[in-house]
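A.B. asks: Provided herewith is a single structure, encoded as structure tokens, for subsequent inquiry.
The values are calculated or read from the model by the stated rules, or taken from the named source; none is laboratory data. What you see is a predicted model, and the numbers here were worked out from it, not measured in a lab. Note that each Cβ is placed from the backbone with ideal geometry, even for glycine, and that neighbours are counted across all protein chains shown.
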Amino acid sequence: MKRYIAKRLLLLIPIMLGASMLSYSILYLAPGDPAELMLERQLQGVPTQEQIEAFKEEHGLNAPIPIQFANWLYRILHGDFGISLRTEKPVLTEYLNRFPASLVLFLMSQTLSIAIAIPLGIISAVKHNSEIDHLSRFVAMIGVSVPNFWLGLLLILFFAVYLGWLPAFGYGGFAHLILPALALGVSGCASIMRLMRASLLDVLNQDYIRTARAKGLCERAIIVKHALKNALIPVVTVIGLHIGHLISGMVIIETIFAWPGVGRFLVESIHARDFPVIQGFVLLIAMIFVFSNLIVDISYTYLDPRIRYE
Amino acid sequence: MNDSIHQLKRDKMAMIGMMIIAILTFIAIFAPYLALYDPLEVNMADRLQMPNEKHPLGTDQLGRDLLSRLVYATHVSITAAALATFMIMTLGVTIGAIAGYFGGIVDQAIMRIVDVLLSFPSLILTIAIAGILGPSLIHLVIAMTATGWVGYSRIIRGSVLSIKEKEFIEGARALGFGNLYIITRHIIPNVISPVIVIATIDMGHIILSITGLSFLGLGAQPPTPEWGTMLNEGRPFMETAPHLMIFPGLMIMITVLAFNFLGDGLRDALDPRMREVMMK
């Protein structure tokens, strides 16, 4: 186990190196000279040739691209992600200031969707082909198909504008969290529910469950003690896969709800062509993502002892 | 294969999905003949009207007929989604076939690139690339292609790895055919069908991405009618003219729902085969 974790951590090095290369190269995707583009934003006008040269000199943009990348990486390894052109604060500070708000939204959304999806999925499977099953499957199908940004707007319209029960946007107490967490979590919730149902149905058809029934165990004990443990394994896989979808969804949801998180700042920076922020944030988000995937993978081994990574 | 088609035909939801997709495709193709008004014609006197006899779904903040805009938006959104899916598929199949067929260092290099792309949450890189290229629908499709090919190439690579050792490939090689000929004539036709199924299942997801990023202002630009763009434009008028955000969203949901119905049906109908492919 320790060897597996060590191996996975070592494998992260080349992957993160590649990810940082990709994040840095974003700068050179822009049509035109990046220095000119950045200066245009900063000065709110067309920069002169001297200004461009001075800017390039200051930011080391005259060196060959591999050298620029090496310098950038060297600074990043020392915790320096550069300065935002828009706010003129360090990129890392901007990220760390916004990370807690995003994390809270993420956790709330994830908890909410798991807490709704798993019991519903179990009921749906146990009461297979009943009215409840049909209804919850239908709702789940809508849930995976509804665009989260539209759902967010509908929630605002209904609960904030018409009913006035909850605040429409902004950051504050628990009440501010409910609508964005719902809008963000619905699609994940629906697919977890669908999978929980399918997986439990699959397990309930297996021989060892028939044995458990034959020896006279009550249905409740069969489901809770025997079926659920195995049925949960693919569900955990999907919860892991959904981390990526959630992070992606947060970019949109945070923008709609004016949530002061990482995603909204990234979108604003993209519109403002704030290159240091885009490069830094993309890399930092990838880092968080890669680590959370690692944690999910490791947690499988505890859940399913049949899985052995050697 | 016939069994699968038979089973698909009996799947009511899948057939409903297929019907909706057929209707949407019809609307997308014949948009200019179906729209009652010019979707770009501004008429400030009639702005922000609720649905009425003259304008069945009302008008927007510039007095443009909402129904006509939705009809044209169907054309824009569906075409963009189809183009994105086609490009992602083509790139994914090409790269996957190259990796699987040549193996060795080429395969290693491609798989490392795949690993790196998978270390980003799906949309984050797409958003960054689309934004940097400059907001436009075609740039969005390019950005989605640049990040979306990964899944397809992994599947194709697996299939190619198993098929390239078969006798008929060896036979083709013995007859002196070149690599390009063998890949395009013998390998790809044999591995393509699961990819087309996956593309159908994926279509709903692609539409959500395109409309979502357009909603963020990184796709189709106003005044182009596009579902996501229209939703974003209608947002400030949410309280006084809720129809501006309800109808475009409804269109997105119905389209995605239709593709998901069909995708689910396809998955069920082809399950044993799909499972075999997915396991590789």
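A.B. asks: Looking only at helices (runs of 4 or more DSSP H) that fall completely inside region A:26-89, which ones have 1 or more residues that are touching a residue at least 24 places away in the same chain (Cβ under 8 Å) and under 24 Å from B:A143 (Cα atoms)? Quick ask: steps written out before the conclusion?
C.D. replies: Numbers: elements: A:34-43, A:49-59, A:65-77.
Here the list reads A:34-43, A:65-77.
A.B. asks: Out of (1) under 25 Å from A:I243 (Cα atoms); (2) surrounded by fewer than 19 Cβ atoms within 10 Å (Cβ to Cβ), what's the single condition that is false for B:K166?
C.D. replies: Unmet for B:K166, out of (1) under 25 Å from A:I243 (Cα atoms); (2) surrounded by fewer than 19 Cβ atoms within 10 Å (Cβ to Cβ): (1).
A.B. asks: Please verify whether A:V224 is β-branched (V, I, T), in the same structural domain as A:S113 (by TED's automatic domain parsing) and under 29 Å from the mean Cα position of the chain (by Cα), treating the condition exactly as stated.
C.D. replies: On the way: β-branched (V, I, T): yes; in the same structural domain as A:S113 (by TED's automatic domain parsing): yes; under 29 Å from the mean Cα position of the chain (by Cα): no.
Considered against the rule, which asks whether it is β-branched (V, I, T), in the same structural domain as A:S113 (by TED's automatic domain parsing) and under 29 Å from the mean Cα position of the chain (by Cα), A:V224 comes out as no.
A.B. asks: Next up: With respect to A:L201, is the statement that it is surrounded by fewer than 22 Cβ atoms within 10 Å (Cβ to Cβ), more than 10 Å from every other protein chain (Cβ to nearest Cβ) and modelled with pLDDT under 90 true? Walk me through how you get there before you give the answer.
C.D. replies: Working: surrounded by fewer than 22 Cβ atoms within 10 Å (Cβ to Cβ): yes; more than 10 Å from every other protein chain (Cβ to nearest Cβ): yes; modelled with pLDDT under 90: yes.
Taking the combined requirement at face value, the residue satisfies it.
A.B. asks: Here's another thing I want to ask about it. Is at least one residue of region A:12-21 free of Cβ contacts under 8 Å to residues at least 24 places away in the same chain and either more than 18 Å from A:Q279 (Cβ to Cβ) or basic (K, R) (or both)?
C.D. replies: Yes; the residues of region A:12-21 include at least one that is free of Cβ contacts under 8 Å to residues at least 24 places away in the same chain and either more than 18 Å from A:Q279 (Cβ to Cβ) or basic (K, R) (or both).
A.B. asks: Only one of A:V224, A:V186 is modelled with pLDDT under 85 and farther than 30 Å from B:G134 by Cα; which? Explain how you work it out, then say what you get.
C.D. replies: Working: A:V186 fails: modelled with pLDDT under 85.
Going through A:V224, A:V186 in turn, the sole match is A:V224.
A.B. asks: Could you check how many residues of region B:195-228 are assigned to a helix (DSSP H, G or I) and more than 12 Å from chain A (Cβ to nearest Cβ)?
C.D. replies: Keep residues of region B:195-228 that are assigned to a helix (DSSP H, G or I), which gives B:195-215, B:227-228.
The next check asks that each one be more than 12 Å from chain A (Cβ to nearest Cβ); those that pass are B:195-200, B:202, B:206.
Total satisfying the criteria: 8.
A.B. asks: Here's a follow-up. Kindly provide the set of residues from region A:141-191 that are without any contact (Cβ under 8 Å) to a residue 40 or more places away in the chain and either among the polar types (S, T, N, Q) or not assigned by TED's automatic domain parsing to the domain that holds A:I256 (or both), ordered by number.
C.D. replies: A:S145
A.B. asks: Please determine, by comparing only the residues of region B:237-257 that are touching a residue at least 40 places away in the same chain (Cβ under 8 Å) and under 21 Å from B:G63 (Cβ atoms), which one is nearest to the other protein chains (Cβ to nearest Cβ). Write out each step before concluding.
C.D. replies: As a first pass, look at region B:237-257 and keep what is touching a residue at least 40 places away in the same chain (Cβ under 8 Å): B:237, B:240-241, B:243-244, B:247-248, B:251-252, B:254-257.
From what is left, the residues that are under 21 Å from B:G63 (Cβ atoms) are B:237, B:240-241, B:243-244, B:247-248, B:251.
Values: B:F237: 11, B:T240: 10, B:A241: 11, B:H243: 11, B:L244: 10, B:F247: 10, B:P248: 8, B:M251: 10 Å.
Per the criteria, the residue is B:P248.
A.B. asks: Have a look at B:S136, B:S119 and point out the one that is under 30 Å from B:G219 (Cα atoms), more than 19 Å from the chain's Cα centre (by Cα), within 14 Å of chain A (Cβ to nearest Cβ) and of a type in the set (G, A, S). Walk me through it before giving the result.
C.D. replies: Working: B:S136 fails: more than 19 Å from the chain's Cα centre (by Cα).
Only one candidate passes the filter, namely B:S119.
A.B. asks: Can you tell me which condition B:L40 does not meet? The list is (1) part of a helix (DSSP H, G or I); (2) under 18 Å from B:T224 (Cα atoms), and all the others hold.
C.D. replies: For B:L40, the exception is condition (1).
A.B. asks: A further question follows. Please work out if A:P47 is surrounded by fewer than 18 Cβ atoms within 10 Å (Cβ to Cβ) and of a type outside the set (D, E). So that I can check it myself, show each step before the final result.
C.D. replies: Details: surrounded by fewer than 18 Cβ atoms within 10 Å (Cβ to Cβ): no; of a type outside the set (D, E): yes.
Spelling it out, it is not the case that A:P47 is surrounded by fewer than 18 Cβ atoms within 10 Å (Cβ to Cβ) and of a type outside the set (D, E).
A.B. asks: Could you check region A:246-275 and list, in sequence order, the residues that are more than 10 Å from chain B (Cβ to nearest Cβ), closer than 17 Å to B:G134 by Cα and modelled with pLDDT of 90 or more?
C.D. replies: Matches in region A:246-275: A:E268 only.
A.B. asks: Search region A:243-264 for residues that are in contact (Cβ under 8 Å) with a residue 60 or more places away in the chain and crowded, with 24+ Cβ neighbours inside 10 Å and pair each with any residue that is of a type in the set (V, I, T) and in a loop (DSSP other than H, G, I, E, B) when their beta-carbon atoms are under 9 Å apart and the residues are at least 6 apart or on different chains.
C.D. replies: Correct list of pairs: empty, since none qualify.
A.B. asks: In addition: I'd like the full set of residues that are among the hydrophobic types (A, V, I, L, M, F, W, C) and farther than 17 Å from A:I122 by Cβ, limited to region A:218-242.
C.D. replies: Narrowing region A:218-242 to residues among the hydrophobic types (A, V, I, L, M, F, W, C): A:218, A:221-224, A:227-228, A:231-233, A:235-236, A:238-239, A:241.
Scanning region A:218-242 gives a single hit, A:L241.
A.B. asks: Oh, and also: Please go through region B:152-194 and pick out each residue that is of a type in the set (A, V, I, L, M), part of a helix (DSSP H, G or I) and more than 18 Å from B:G103 (Cβ to Cβ).
C.D. replies: Step one: of region B:152-194, the residues of a type in the set (A, V, I, L, M) are B:155-156, B:160-161, B:163, B:169, B:172, B:174-175, B:180, B:182-183, B:187-188, B:191-192.
In the following step, the residues that additionally are part of a helix (DSSP H, G or I) were identified as B:155-156, B:160-161, B:163, B:169, B:172, B:174, B:180, B:182-183, B:187-188, B:191-192.
Within region B:152-194, B:A174, B:I192 meet the criteria.
A.B. asks: Inspect all residues belonging to region B:12-24 and state whether any of them is surrounded by fewer than 13 Cβ atoms within 10 Å (Cβ to Cβ), more than 23 Å from B:S136 (Cα to Cα) and not aliphatic (A, V, I, L, M).
C.D. replies: Yes - at least one qualifying residue is present in region B:12-24.
A.B. asks: Restricting attention to region B:83-93, which residues are without any contact (Cβ under 8 Å) to a residue 60 or more places away in the chain, crowded, with 17+ Cβ neighbours inside 10 Å and within 9 Å of the chain's Cα centre (by Cα)?
C.D. replies: Listed by number, the list holds a single entry, B:L83.
A.B. asks: Residue under question is A:R8, and the condition is that it be surrounded by fewer than 17 Cβ atoms within 10 Å (Cβ to Cβ), closer than 26 Å to B:S119 by Cα and touching an Asp or Glu at 6+ places or on another chain (Cβ under 8 Å); does it hold? Reasoning before the result, please.
C.D. replies: Numbers: surrounded by fewer than 17 Cβ atoms within 10 Å (Cβ to Cβ): yes; closer than 26 Å to B:S119 by Cα: yes; touching an Asp or Glu at 6+ places or on another chain (Cβ under 8 Å): yes.
When the stated conditions are applied, A:R8 passes them.
A.B. asks: Now for a different question. Can you confirm whether region A:117-132 contains a residue that is within 14 Å of chain B (Cβ to nearest Cβ), within 29 Å of A:L177 (Cα to Cα) and within 31 Å of the chain's Cα centre (by Cα)?
C.D. replies: No.
A.B. asks: Within region A:24-39, take every residue that is closer than 14 Å to B:F120 by Cβ and more than 8 Å from chain B (Cβ to nearest Cβ) and give me the one that is surrounded by the fewest Cβ atoms within 10 Å (Cβ to Cβ).
C.D. replies: Just the residues of region A:24-39 that are closer than 14 Å to B:F120 by Cβ, to begin with: A:24-26.
Pick out the ones that are also more than 8 Å from chain B (Cβ to nearest Cβ) and you get A:24-25.
Values: A:Y24: 21, A:S25: 12.
Out of the qualifying residues, it is A:S25.
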